[in-house]
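Visitor: To start, I am sharing the structure in question, which I have written as structure tokens.
The values are calculated or read from the model by the stated rules, or taken from the named source; none is laboratory data. What you see is a predicted model; the values in this text were computed from it and never measured. Neighbour counts are summed over all protein chains in view; Cβ atoms, including those assigned to glycine, are modelled from backbone coordinates with ideal geometry.
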Amino acid sequence: MIKQLFKIVWNRKKANFLIMMEVLISFLVVFLVMVSSIYFTDIYMYPLGYSYKDVWAVQIDTGAYNPEADKLKEQEIAKKIMQAAKDFPEVEALAGINVIPFDNNEWRTGFEFAGKSYSPAINYVTDELPEVLDIKLLEGRWFNKEDDAISETPVVINQALSRELYGSESAVGKVFESGLKSKKVYKVVGLVSDFRDDGELAELKSYMFQRNNLSSTDTEKMLLVDHFIIKLRPGTPAALEEKLVKTFTSIAKDWSFNIEALEDIRYKRMKSTLTPILTASIVAVFLMIMVALGLSGVLWQSVTQRIKEIGLRRAKGATQGKIYYQILGELLVITSIALFVGTIIVIQIPLLGFLNFVSIKVYVITLLISWAIIALLTVICGLYPSSIAANIPPAEALHYE
Amino acid sequence: MIKLDNIEKVYRTSRVETVALMNINLEVKEGEFISIMGPSGCGKSTLLNLMGLLDAPTKGQLLINGKEITSYKDKYLANLRNQEIGFIFQSFHLVNDLSVLDNVEIPLLYRKISSSQRRQMALKALEHVGLTARIYHFPSQLSGGQQQRVAIARAIVGRPKILLADEPTGNLDSKMGEEVMNLLVGLNEEKTTIVMVTHDKRMAERTKRIVRIFDGRQVG
């Protein structure tokens with residue numbers, strides 16, 4: 001019977017071409033929507049690596065860039081501001097940070113290691129960061145006073161970078177050189193699972209923290225703090241923001257300050273990422289509805305053209321069930337051929353170097369889900385025409401004009 | 001073999017009621033070759049549809065091999081059609097997308113037999129109608145007479161005991177009609193019971209009995 005189904009589908013290839021194209025196009029649309037949905041769902045499931053609850057970010061604007069500015073003096077003022085913030089009873093902890101989480105900003109550093117180039121994201125942070133963002137170390141330790149004594153530059157890296165550099169070996173205690181002219185030597189002092197500063201919907205990347213030692217007078221080791229983050233006691237009112245700005249302005253009259261909750265920054269970031277995805281999904285859903293209606297129409301027309309044949313088959317001993325399953329079976333054969341062609345097309349995408357950020361796991365899951373959706377869609381679209389075909393009385397079908 | 005007892009067939013719509021057959025009493029014995037004659041629209045094809053279990057009577061009893069079958073379900077009726085009855089139609093009803101061989105195999109698809117056995121039986125049926133040279137042709141590549149011979153091969157491939165022919169020579173010229181009729185006579189000589197609807201008096205005269213229908217009633 002299966003051989004017969006293939007034979008009929010093949011012999012009617014011209015008539016079935018339209019259905020096949022509809023199925024193929026729907027598969028490609030579903031695949032593209034699903035690949036982005038599954039990709040974002042997959043990366044959303046990975047740990048963020050920190051907590052943003054009750055954390056505010058303070059951005060310091062020192063005015064126009066002045067290469068002649070006294071860096072040490074500015075640092076002193078920044079430290080005074082941070083101390084003033086710390087003195088507020090609502091503030092539980094405070095840390096200097098170069099790149100604020102969820103902010104659309106990124107710093108990268110580059111170096112060569114074992115003959116390969118690496119360019120992980122880098123963030124210059126102070127010793128108090130784990131208290132503010134509740135960062136858990138998997139191995140080693142965070143930066144502390146011990147680091148003042150070591151000659152290398154202490155860094156804490158994430159698991160992705162550790163795997164890239166050392167494979168399954170422990171990274172803690174190991175050293176590597178920067179690609180900078182100064183040939184800075186980094187020493188890994190700690191390992192975190194991750195620090196996804198671009199948020200839950202951003203791609204996973206290798207990451208490293210470098211210590212920003214505010215008490216150092218060596219401007220090479222110290223980076224001007226122009227951002228810091230504060231952990232507040234739960235339930236702190238928004239009114240504190242105004243008090244903080246007033247206090248900071250009294251210390252540095254020429255500087256301006258912007259305070260924003262990390263939750264709000266995260267919301268904005270999420271919105272800007274999700275809006276195009278949701279728009280594309282809505283368009284895809286409408287497209288699928290149109291495809292489903294079109295497919296039902298084409299199938300219904302195909303059944304109508306074959307009513308006499310259906311009558312003949314009934315006269316020759318086919319039950320209603322056999323007719324029903326034959327029409328559905330033919331549709332599944334057509335769908336399988338279209339899915340086969342569609343799969344060959346989508347396999348070319350990574351082979352040609354597109355969608356490289358999507359992992360093989362996500363690609364395979366997307367393929368399976370897209371197959372299932374299209375098979376389900378075609379079966380649903382085929383149920384009504386098949387049922388019409390099965391329920392036509394044979395005598396009527398044989399004389400259908 | 002086939003017995004129709006006081007059969008009535010009425011087609012109803014919400015507004016109109018059309019009596020297609022009324023008070024039909026007919027018995028077709030095993031090995032008989034009967035023809036049903038009558039003007040167009042008198043109910044001949046309806047009668048054939050009832051005998052072929054393609055339609056159900058509104059009233060009356062229909063017996064096949066002594067069994068009253070009007071109350072049986074679709075699955076049983078389909079099986080009975082498949083095993084016991086062969087159909088030949090005026091317009092051949094061949095599936096244009098299938099080859100001659102595949103067309104002949106259709107009734108066997110609904111039996112539990114292997115594809116090689118199916119092929120063997122189909123080839124034998126085609127040999128019977130003299131079309132072994134055309135098994136891979138498609139219906140559109142055949143003449144009307146050849147198409148009807150394929151239809152006959154398809155009707156006899158399952159070795160049914162009853163053959164129902166609805167104007168089998170209606171679409172053929174006299175020479176081809178003669179050829180088809182000779183085939184039917186031959187099959188009847190091999191003990192196949194045949195009921196044939198026809199307009200053609202000459203063809204009807206070659207059968208053993210003529211039943212006449214007029215306005216849905218049996219008149220002779």
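Visitor: Scan region A:83-102 and give yes if some residue there is among the aromatic types (F, W, Y), crowded, with 18+ Cβ neighbours inside 10 Å, under 13 Å from A:H227 (Cα atoms) and under 36 Å from the mean Cα position of the chain (by Cα), otherwise no.
Guide: No, that holds for no residue.
Visitor: Would you be able to tell me the number of residues in region A:126-146 that are over 21 Å from A:V225 (Cβ atoms) and in a loop (DSSP other than H, G, I, E, B)?
Guide: Looking only at that region, the number is 2.
Visitor: For region A:274-324, what are the residues that are free of Cβ contacts under 8 Å to residues at least 24 places away in the same chain and either closer than 11 Å to A:P394 by Cβ or within 14 Å of another protein chain (Cβ to nearest Cβ) (or both)?
Guide: A:E309, A:R313, A:K316, A:G317, A:A318, A:T319, A:K322
Visitor: Ok, one more. Quick check on region B:64-71. Is at least one of its residues over 16 Å from the mean Cα position of the chain (by Cα) and at the interface with another protein chain (Cβ under 10 Å from one of its Cβ atoms)?
Guide: Among the residues of region B:64-71, not one is over 16 Å from the mean Cα position of the chain (by Cα) and at the interface with another protein chain (Cβ under 10 Å from one of its Cβ atoms), which makes the answer no.
Visitor: Would you tally the residues in region A:329-366 being part of a helix (DSSP H, G or I) and within 18 Å of the chain's Cα centre (by Cα)?
Guide: 8
Visitor: Return the only residue of B:T169, B:T207 being part of a loop (DSSP other than H, G, I, E, B), of a type outside the set (D, E, K, R) and modelled with pLDDT under 90.
Guide: None of the other options fit; the residue is B:T169.
Visitor: Can you spot a residue in region B:11-26 that is more than 10 Å from chain A (Cβ to nearest Cβ), surrounded by 14 or more Cβ atoms within 10 Å (Cβ to Cβ) and under 30 Å from B:L142 (Cβ atoms)?
Guide: No, region B:11-26 has no match at all.
Visitor: For region B:203-220, how many residues are acidic (D, E) and farther than 23 Å from B:L172 by Cα?
Guide: 1
Visitor: For B:P139, indicate whether it is within 13 Å of chain A (Cβ to nearest Cβ) and either under 25 Å from B:N65 (Cβ atoms) or in contact (Cβ under 8 Å) with a residue 24 or more places away in the chain (or both).
Guide: In short, yes.
Visitor: Which members of region B:73-88 meet the condition of being within 7 Å of chain A (Cβ to nearest Cβ) and buried (at least 22 other Cβ atoms within 10 Å of the Cβ)?
Guide: Across region B:73-88, the qualifying residues are B:A78, B:R81, B:F87.
Visitor: Name the residue, out of B:V185, B:V180, B:V197, that is within 14 Å of chain A (Cβ to nearest Cβ) and either under 15 Å from the mean Cα position of the chain (by Cα) or of a type in the set (F, W, Y) (or both).
Guide: That would be B:V197, the only listed residue that is within 14 Å of chain A (Cβ to nearest Cβ) and either under 15 Å from the mean Cα position of the chain (by Cα) or of a type in the set (F, W, Y) (or both).
Visitor: For region B:27-45, give me each residue that is within 14 Å of another protein chain (Cβ to nearest Cβ) and surrounded by fewer than 22 Cβ atoms within 10 Å (Cβ to Cβ).
Guide: Selection gives B:S40, B:G41.
Visitor: Another one. When B:I152 is evaluated against the numbered criteria (1) outside any loop (DSSP other than H, G, I, E, B); (2) more than 13 Å from the chain's Cα centre (by Cα), which criterion, by number, is the only one it fails?
Guide: The number of the failed condition is (2).
Visitor: Okay, moving on. Among all residue pairs at least 6 apart or on different chains, which show Cβ distances below 7 Å where the first residue, located in region A:128-145, is under 15 Å from A:Q159 (Cα atoms) and the second is of a type in the set (G, A, S) and surrounded by fewer than 15 Cβ atoms within 10 Å (Cβ to Cβ)?
Guide: If the second residue must be of a type in the set (G, A, S) and surrounded by fewer than 15 Cβ atoms within 10 Å (Cβ to Cβ), the pairs left are A:E139/A:S170.
Visitor: Among the residues of region A:187-246, which ones are out of contact with any strand residue (DSSP E or B) (no Cβ under 8 Å at 6 or more places or on another chain) and under 19 Å from A:L72 (Cβ atoms)?
Guide: If the condition is that a residue be out of contact with any strand residue (DSSP E or B) (no Cβ under 8 Å at 6 or more places or on another chain) and under 19 Å from A:L72 (Cβ atoms), then A:N213, A:S215, A:S216, A:T217, A:D218, A:T219, A:E220, A:M222, A:L224 are the ones that fit.
Visitor: Here is a further query. Return only the number of the condition from (1) touching an Asp or Glu at 6+ places or on another chain (Cβ under 7 Å); (2) within 30 Å of A:V91 (Cβ to Cβ); (3) of a type outside the set (F, W, Y) that A:K7 does not satisfy.
Guide: Unmet condition: (2).
Visitor: While we're here: Just to be sure before I move on: is A:I122 β-branched (V, I, T), in the same structural domain as A:K205 (by TED's automatic domain parsing) and either in a strand (DSSP E or B) or farther than 27 Å from A:K271 by Cβ (or both) in the structure I sent?
Guide: Yes.
Visitor: Across region A:328-355, which residue is surrounded by the most Cβ atoms within 10 Å (Cβ to Cβ) among those that are out of contact with any helix residue (DSSP H, G or I) (no Cβ under 8 Å at 6 or more places or on another chain) and farther than 30 Å from A:Q301 by Cα?
Guide: Selected residue: A:I349.
Visitor: Looking at region B:170-191, I want the residues that are in contact (Cβ under 8 Å) with a residue 40 or more places away in the chain and have a partner that is not hydrophobic (A, V, I, L, M, F, W, C) with Cβ atoms under 6 Å, at least 6 apart or on another chain. Which pairs are those?
Guide: Short answer, once both residue conditions are applied: B:G170/B:Q90; B:N171/B:Q90; B:N171/B:G144; B:K191/B:G31.
Visitor: Any idea which residue in region A:12-56 is surrounded by the fewest Cβ atoms within 10 Å (Cβ to Cβ), counting only those that are out of contact with any strand residue (DSSP E or B) (no Cβ under 7 Å at 6 or more places or on another chain), over 25 Å from A:V291 (Cα atoms) and not aromatic (F, W, Y)?
Guide: A:M45
Visitor: Please count how many residues of region B:98-120 are outside any helix (DSSP H, G or I), touching a residue at least 40 places away in the same chain (Cβ under 8 Å) and either within 14 Å of B:I135 (Cα to Cα) or more than 8 Å from every other protein chain (Cβ to nearest Cβ) (or both).
Guide: The number of residues fulfilling the criteria is 1.
Visitor: Mind checking whether some residue in region B:39-56 is in contact with a Pro (Cβ under 6 Å, 6 or more places away or on another chain), in contact (Cβ under 8 Å) with a residue 40 or more places away in the chain and within 22 Å of B:L77 (Cβ to Cβ)?
Guide: Among the residues of region B:39-56, at least one is in contact with a Pro (Cβ under 6 Å, 6 or more places away or on another chain), in contact (Cβ under 8 Å) with a residue 40 or more places away in the chain and within 22 Å of B:L77 (Cβ to Cβ), which makes the answer yes.
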